[in-house]
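Have a look at the structure below, then the notes.
The values are calculated or read from the model by the stated rules, or taken from the named source; none is laboratory data. Keep in mind that what you see is a predicted model, and the values were worked out from it rather than measured. A quick note on method: Cβ atoms are made from the backbone with ideal geometry, for glycine too, and the neighbour counts reach across all protein chains shown.
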Protein chains: 2
Amino acid sequence: MSQQAEVSRRVRLNRQRVLEAAVALADEIGIDALSMRRLAQELDVVPMALYKHVADKEDLVDGMVEVIIREIDPPLLDSGWRDAIRRRVLSARSALQRHRWARQAIESRNTPTPAVLEYQDSFAGTFLAGGFTPDLAHHVMHALGGRMWGFTQELFDGTAKPKSEVASPANPAAQAEMFAHMATLYPNIVTIATATPHDDDDSVVGRGCDDQFEFEFALDLLLDGFEQLHRRGWTSA
Amino acid sequence: MSQQAEVSRRVRLNRQRVLEAAVALADEIGIDALSMRRLAQELDVVPMALYKHVADKEDLVDGMVEVIIREIDPPLLDSGWRDAIRRRVLSARSALQRHRWARQAIESRNTPTPAVLEYQDSFAGTFLAGGFTPDLAHHVMHALGGRMWGFTQELFDGTAKPKSEVASPANPAAQAEMFAHMATLYPNIVTIATATPHDDDDSVVGRGCDDQFEFEFALDLLLDGFEQLHRRGWTSA
DNA sequence: TTGACAAGTGTACCTCGTACACCCTAGGCT
DNA sequence: AGCCTAGGGTGTACGAGGTACACTTGTCAA
């Protein structure tokens with residue numbers, strides 16, 4: 001009886017609750033560690049219970065991506081295309097910053113869901129409304145590529161260190177030696193990595209660059225390019 | 001005896017052979033279907049035999065990426081930076097075109113291997129040799145991002161259709177209906193998708209755009225930007 | 001020939017996604 | 001109120017996958 005009371009007290013699941021729990025769990029443990037079983041446990045149900053709310057894991061991840069999309073600011077309507085695009089991209093970026101797993105999740109999808117199509121459509125709409133020809137808008141969206149989602153394909157920047165060395169943060173001698181080693185093997189990477197001022201000075205090579213700056217640098221480079229082509233009435237023909 | 005002869009006739013495995021077999025198998029069945037067990041079967045050994053040559057699956061994929069990198073042309077030394085970068089990127093692109101799984105493999109790595117660092121280092125070297133300041137070279141490499149590997153983060157272009165519809169290639173009526181449906185829901189995507197001439201005219205929406213063109217469009221846009229900043233002596237300070 | 005090291009094997013364990021058949025409960029109908 | 005039913009939740013089980021560990025076999029140098 002108390003058992004039953006316990007059970008009935010428990011809020012019932014629905015797709016939304018499942019997706020939100022999945023997002024929260026992924027925030028915590030990363031998307032690779034997110035399994036149906038782990039998620040079920042978090043929700044205090046048996047794994048198979050989830051399948052009443054999502055078709056399969058693919059569908060779960062699709063749903064999670066949609067949750068993220070909903071966090072992105074809607075496009076501005078009262079400003080120029082450039083400002084609207086720029087702000088929206090940066091808003092997407094900040095959403096992806098809150099959910100570090102999302103980039104991988106988005107990249108792993110290979111069929112667009114309606115939510116994704118809608119997102120892309122509104123981008124296209126902003127360009128068209130800004131006077132871009134459909135032709136130019138098309139190419140420009142391709143050029144934007146993943147940046148539309150707020151990420152560059154960074155992979156790993158030149159400043160990331162091989163994992164073998166990560167474990168020794170409090171060993172200045174070893175670090176200096178490794179730095180010298182890197183400088184021998186990869187002189188150019190070290191040159192450009194050390195050229196930019198560090199925000200984190202206790203590491204010789206690591207985390208030296210401001211990701212946000214790099215992102216906006218590339219974004220603005222592209223936007224400048226778009227603007228020029230647009231002004232010149234560029235066509236692919 | 002004949003059994004033994006059979007066995008001894010078999011060439012011995014080594015890391016290189018394992019990696020090459022893995023690349024070939026991934027070319028054939030895709031990287032998702034590539035399992036240690038399947039690869040072992042292909043090589044006619046028991047799964048655990050592979051572990052004598054690769055540390056684990058991570059290591060296997062790292063090795064596969066290195067194989068790909070070796071397929072990319074070395075940098076030109078006798079031409080300007082712009083030409084050198086452009087050619088190399090396009091060479092990387094064609095390697096990735098031959099191995100469609102490679103993009104995903106590269107993206108999934110989160111710690112750079114020496115081969116990867118070396119590849120990036122030679123890019124950096126090309127910029128520096130071209131007279132870029134370390135500062136500008138740094139930002140420019142970030143801007144290049146994944147394009148350095150010959151791919152844009154396409155995700156899915158506006159012309160990709162939801163998978164539910166993929167199965168009916170020979171149903172013009174349904175296709176027309178779906179097109180109308182898309183045009184209602186995603187008018188802007190349809191507008192820009194149909195603006196560019198198709199190379200495949202039997203599909204109303206699909207595969208309309210020339211990926212190579214889009215790639216070079218964005219690449220040149222960036223290279224133009226780089227060139228201007230370089231000429232102006234741009235600094236981040 | 002022999003001895004030792006490296007290559008290959010067999011078995012077994014754990015984690016995952018998920019099919020299938022079942023039970024239970026809440027909410028609408030009489 | 002009592003009943004019925006749809007759909008949420010359960011239990012069990014299977015097959016695929018990565019890989020630890022202990023073992024056997026093959027190769028080659030001394």
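Which is among the polar types (S, T, N, Q) and within 12 Å of DNA strand C (Cβ to nearest atom), of A:Gln97, A:Gln104, A:Gln16, A:Gln41? Please lay out each step first, then the result.
Working: A:Gln97 fails: within 12 Å of DNA strand C (Cβ to nearest atom); A:Gln104 fails: within 12 Å of DNA strand C (Cβ to nearest atom); A:Gln16 fails: within 12 Å of DNA strand C (Cβ to nearest atom).
After applying the criteria, what remains is A:Gln41.
Quick one: which helices (runs of 4 or more DSSP H) lie wholly within the stretch B:130-233 and hold at least 1 residues that are modelled with pLDDT of 95 or more and of a type in the set (Phe, Trp, Tyr)? Quick ask: steps written out before the conclusion?
On the way: elements: B:134-144, B:172-185, B:187-195, B:211-232.
The qualifying helices (runs of 4 or more DSSP H) are B:211-232.
Out of A:Val18, A:Val7, which single residue is at pLDDT 95 or above and not assigned by TED's automatic domain parsing to the domain that holds A:Pro114? Give the derivation first.
Values: A:Val7 fails: at pLDDT 95 or above.
From the options A:Val18, A:Val7, the qualifying one is A:Val18.
Conditions first: (1) surrounded by fewer than 22 Cβ atoms within 10 Å (Cβ to Cβ); (2) more than 7 Å from every other protein chain (Cβ to nearest Cβ). B:Glu154 passes all but one, so which condition is the exception?
Going through the list (1) surrounded by fewer than 22 Cβ atoms within 10 Å (Cβ to Cβ); (2) more than 7 Å from every other protein chain (Cβ to nearest Cβ), B:Glu154 breaks only (2).
Do we find that A:Ile106 is buried (at least 16 other Cβ atoms within 10 Å of the Cβ), within 13 Å of the chain's Cα centre (by Cα) and assigned to a loop (DSSP other than H, G, I, E, B) in this structure?
Numbers: buried (at least 16 other Cβ atoms within 10 Å of the Cβ): yes; within 13 Å of the chain's Cα centre (by Cα): yes; assigned to a loop (DSSP other than H, G, I, E, B): no.
No.
Condition first: buried (at least 17 other Cβ atoms within 10 Å of the Cβ), outside any helix (DSSP H, G or I) and either in the same structural domain as B:Asp224 (by TED's automatic domain parsing) or away from DNA strand D (no atom under 16 Å from the Cβ) (or both). Can you find one or more residues in the stretch B:79-98 that meet it?
No, the conditions are met nowhere in the stretch B:79-98.
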